[in-house]
Structure formats: structure tokens, C-alpha cells
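Read the figures in this text as sums done on the coordinates, not as results from a lab. None of these values were measured; they are calculated from a predicted model. Heads up, the Cβs are rebuilt from the backbone with ideal geometry, glycines too, and the neighbour counts pull from every protein chain shown.
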Amino acid sequence: MIKVTAIYQQDPPPFRQWHLLMPIMLLALGLLLILATHVNYFRGVPGDLGDARFNGIILEYFYRWVSGGNESLLNPEFFYPMPGALAFSDNHWGTAWIYSIYRILGFDRYVAYDLWYLTGYLLNFASMHFVLRKLGYSVVAAALGAFFFTFGMPTVAHHVGHAQLTYCFPAPLALLCWQRFRQLGAPLWLGWGR
């Protein structure tokens with residue numbers, strides 16, 4: 001009679017953790033598609049002639065302010081004579097730091113713009129995957145949900161002309177906090193209290 005333990009000891013177990021690779025594979029697939037279609041493998045910038053140029057100018061202005069090249073963040077020279085004009089439009093204060101980091105690392109303004117754009121997709125995917133895992137979904141289900149949230153057709157079609165709308169990663173986190181508040185009733189989940 002063969003012992004059951006002897007059978008298991010003879011053959012090494014196959015790789016049973018394949019599902020842990022699913023988030024990485026789906027993220028890589030999505031980023032490759034965005035890289036090919038939106039930024040033309042770092043040979044172009046996403047968007048049209050209007051918004052893409054405006055976003056690039058604002059991001060570069062912010063970087064120059066961070067690096068000490070511009071005196072005032074709110075008063076770009078190209079809006080002269082109106083003071084505080086940067087507050088009237090997209091100013092990228094929440095995400096221009098990412099662009100600035102890429103510029104500090106030595107990338108030119110166009111590659112830094114593309115990397116800033118791709119980072120938005122990366123953060124969206126990571127945020128939604130994190131939230132779905134916290135809500136109890138499996139790794140595969142969370143990866144699929146994050147993929148469709150990040151690279152879904154309505155989302156991608158909407159962002160092609162408006163790169164500044166790529167950064168949606170706080171929305172799933174806010175919904176998770178709201179769900180936890182509704183579940184536990186603790187105002188801490190809404191940012192109130194201790």
C-alpha cells in the first residue's frame with residue numbers, strides 16, 4: 001500500500017499561484033495598449049492640439065516653479081495682465097508633482113508628459129484593485145474590475161482629448177471610505193474625528 005504522503009513528496013507541486021500574476025499581466029496589457037495608441041511609444045503626446053498643449057504648458061510651468069525658475073505659481077506670464085489667472089482653469093496642482101519628478105529625473109518635457117499620463121493609469125488600476133480586494137473580491141476578480149475601470153472604452157475615449165481627466169484614482173478610495181462609514185458608522189472614515 002502506497003502512503004498518500006509519499007505521492008505528494010515525489011512530484012513537486014505545480015505553480016498554483018498563477019492568479020497572483022493576473023493583476024500584473026492585465027496592467028501590462030492595458031499600459032501597452034495605451035502606450036501604442038495614445039502616446040505612440042513616446043513619440044507623441046495624448047490629446048488634441050488645444051488641451052494637450054495647454055496641459056503641457058501648465059505642467060512645465062509648475063515644474064519650473066518647483067525648481068525655482070518661476071516666482072509666482074498663480075501668475076503665469078502668459079496670462080498677463082490678469083493676476084491669479086491660473087486658478088481659473090486646470091492647474092494640475094494635485095498631479096503636477098508627478099510630472100515634476102519625471103523632469104527632475106532628467107526626462108525631457110514630452111517624455112515626462114507621457115509618463116505623467118501613464119502614471120495616471122497606473123494609479124487608477126492600483127487604486128481600484130486595492131479597493132476591490134478590501135471589499136473581499138478575489139485577486140482575479142479585482143484585477144478584472146481594475147482593468148475595466150482603468151482601460152474601459154468610455155473612459156479611454158473620454159480621456160483621449162483631455163489628459164487631465166486621467167487621474168480618477170481617488171474616486172474608488174472615496175467610495176471605500178463611504179462604504180466603511182456606512183458599515184461601521186465611525187466618522188473617522190469620512191475624515192472627521194480621531
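Worth a mention:
- Only one entry in LEU35, LEU49 is out of contact with any strand residue (DSSP E or B) (no Cβ under 8 Å at 6 or more places or on another chain), in a loop (DSSP other than H, G, I, E, B) and of a type in the set (A, V, I, L, M, F, W, C), namely LEU49.
- Scanning the stretch 48-71 for residues that are in contact (Cβ under 8 Å) with a residue 60 or more places away in the chain and surrounded by 15 or more Cβ atoms within 10 Å (Cβ to Cβ) turns up ASP51, ALA52, ASN55.
- With a requirement of 3 or more residues that are under 13 Å from the mean Cα position of the chain (by Cα), crowded, with 16+ Cβ neighbours inside 10 Å and in contact (Cβ under 8 Å) with a residue 60 or more places away in the chain, the helices (runs of 4 or more DSSP H) lying completely within the stretch 81-194 that satisfy it span 109-134, 139-151.
- Selection of the stretch 55-76 for residues being in a helix (DSSP H, G or I) and more than 20 Å from the chain's Cα centre (by Cα) yields ILE57, TYR61, ARG64, TRP65, VAL66.
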